[in-house]
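The values are calculated or read from the model by the stated rules, or taken from the named source; none is laboratory data. These numbers were taken from a predicted model, which means no experiment stands behind them. A quick note on method: Cβ atoms are made from the backbone with ideal geometry, for glycine too, and the neighbour counts reach across all protein chains shown.
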Amino acid sequence: MQDIMDCLYEYICEHRLAFYLNADPNYLSAGRAVERAERWLEANLAPEARAQLERLTGGSLNQAELLQRALFRCGLSLGLELGALGRV
């Protein structure tokens, strides 16, 4: 079952997600703010601090990816449960 979940998750990320994110002005604004902050940090942090920030960012991105996958599984599970209620 995990394989199909992974396939569905990848499909959603590749073919559906951009439509919803690009339609959300808050998402676009947040992306621009992150880019500005990243440029400032790259220009103003010492190399050691920049390396630590990259480790922090990498860990945060990994954690966020795991959260997104768990949310996807929860949403899919809920959808299946709701679909089953309609067949009763």
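Worth pointing out:
- Residue in region 50-73 that is of a type in the set (Asp, Glu), surrounded by 10 or more Cβ atoms within 10 Å (Cβ to Cβ) and over 16 Å from the mean Cα position of the chain (by Cα) present: yes
The rows are residues; the columns are (1) farther than 30 Å from residue 74 by Cα; (2) in a helix (DSSP H, G or I); (3) of a type in the set (D, E, K, R); (4) in contact with an Asp or Glu (Cβ under 7 Å, 6 or more places away or on another chain).
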| position | (1), (2), (3), (4) |
| --- | --- |
| 7 | no, yes, no, no |
| 11 | no, yes, no, no |
| 14 | no, yes, yes, no |
| 21 | no, yes, no, no |
| 34 | no, yes, no, no |
| 52 | yes, yes, no, no |
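- Given (1) at pLDDT below 95; (2) not in a loop (DSSP other than H, G, I, E, B), index of the condition residue 58 fails: (1)
- Residues of region 1-14 classified as surrounded by fewer than 10 Cβ atoms within 10 Å (Cβ to Cβ) and under 14 Å from the mean Cα position of the chain (by Cα), total: 1
- Of all the criteria given as (1) surrounded by fewer than 11 Cβ atoms within 10 Å (Cβ to Cβ); (2) farther than 28 Å from residue 5 by Cα; (3) of a type in the set (A, V, I, L, M, F, W, C), the one not satisfied by residue 23 is (2).
- In region 58-81, the residues that are closer than 15 Å to residue 4 by Cα form Cβ pairs under 7 Å with partners that are assigned to a helix (DSSP H, G or I) and of a type outside the set (A, V, I, L, M, F, W, C), at six or more places apart or across chains, as follows: 69/9; 72/9.
- Residue in region 42-51 that is in contact with a helix residue (DSSP H, G or I) (Cβ under 8 Å, 6 or more places away or on another chain) and at pLDDT 95 or above present: yes
- Matching entry among 84, 64 (being assigned to a helix (DSSP H, G or I) and modelled with pLDDT under 95): 84
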